[in-house]
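To start, the structure itself, in structure tokens.
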Amino acid sequence: MRIQILGLTLFLVVLVVATCATNQSGNANRTVSSFDSQASPTPVPETVNRVFDVTPQNVRGAFEDGRRLRTDPKFGQEQSVDVTAQVLTGTETLKLTITFLSPLNLARRAGFHRRGESPPRPDDTELTTIFQNRSQVDFRVRLQQPRRDTQPNLPTLSYALLDKDGNPISLTDKPVTETLIDNRENHDLLQAFEPEGLPLVFPVFNNAIPNLTNRMDTMVLIVKVDSDEHRLQFRLQ
């Protein structure tokens, strides 16, 4: 009888130990699995930045917002760089202003300039063009007029927009400031800069890969005045 009781007791002890070992192994596996899931979150896929991800309805809505404005606002974001020009009396500092216009800002500006007109047709040419050009980064560049000399000598100006990896993006369209030759062209340039400015355009995509992605809050435009480099930041919102 004692032998049977001892055997039963030994069996129960072995069973309890085995159950505890199994539970500890399961807890350990769950802990490792939890750590693995925390250490390796699912990456957010890179897509084009939301500023350029617009629909025809978004463009038309922004256009109508512009038509309802009563005062002339500043459309887009402005940054400026000082440019030293050679004039008849010596030198003069002129302000080079660069404005970033998102697709929706372009639509609002168009609506503001067409206040009082009847609502645009569904196939309105201007709105269609704005939507089709949503895959480009649109800047406007304008230069302050000199006070006295209408034919100053300007320094060489060049521009580079940086992509998500900090690499320069090739220009689609640029102002003529990079190809100035003589004073006559300088004079024409100064006249052309007023009031809208000249286009400075970069592509949003590089072979279907976005240059400016949803992970970016700002973009950087580099402006070189001769050898001096200026880094201008524009918000992507």
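The values are calculated or read from the model by the stated rules, or taken from the named source; none is laboratory data. All figures in this text were calculated on a predicted structure; none of them were measured in a lab. We place every Cβ from the backbone using ideal geometry, glycine too, and count neighbours over all the protein chains shown.
Would you check which residues across segment 41-85 are modelled with pLDDT of 90 or more, of a type in the set (Gly, Ala, Ser) and under 30 Å from Thr156 (Cα atoms) and list them? Answer for segment 41-85, where residues must be modelled with pLDDT of 90 or more, of a type in the set (Gly, Ala, Ser) and under 30 Å from Thr156 (Cα atoms): Gly76, Ser80.
Residues satisfying the criterion are absent from segment 94-114 (criterion: farther than 18 Å from Glu196 by Cα and in contact with a strand residue (DSSP E or B) (Cβ under 9 Å, 6 or more places away or on another chain)). Being assigned to a helix (DSSP H, G or I), exposed (fewer than 14 other Cβ atoms within 10 Å of the Cβ) and modelled with pLDDT of 95 or more: is that true of Gln38 here? No. Can you tell me which residue in segment 89-132 is nearest to Gln144 (Cα to Cα), limited to those that are part of a helix (DSSP H, G or I) and polar (S, T, N, Q)? Taking the candidates together, the pick is Asn105. Across segment 91-108, the qualifying residues are those that are over 20 Å from Asp72 (Cβ atoms) and among the hydroxyl-bearing types (Ser, Thr, Tyr), and the one among them that is farthest from the chain's Cα centre (by Cα) is Thr91.
Residue by residue, here is whether (1) touching a helix residue (DSSP H, G or I) at 6+ places or on another chain (Cβ under 8 Å); (2) modelled with pLDDT under 95; (3) not aliphatic (A, V, I, L, M) holds:
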| site | (1), (2), (3) |
| --- | --- |
| Gly166 | no, no, yes |
| Met219 | no, no, no |
| Asp226 | no, yes, yes |
| Gln233 | no, no, yes |
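Restricting Arg109, Arg114, Arg70 to those that are out of contact with any His (no Cβ under 8 Å at 6 or more places or on another chain), surrounded by fewer than 15 Cβ atoms within 10 Å (Cβ to Cβ) and farther than 19 Å from Leu171 by Cβ reduces the list to Arg70.
A count restricted to segment 125-165 and to residues that are surrounded by fewer than 20 Cβ atoms within 10 Å (Cβ to Cβ) and either of a type in the set (Ser, Thr, Tyr) or without any contact (Cβ under 8 Å) to a residue 12 or more places away in the chain (or both) stands at 9.
State whether one or more residues within segment 66-88 are closer than 20 Å to Gln237 by Cβ and of a type in the set (Phe, Trp, Tyr). The answer is yes; a qualifying residue exists.
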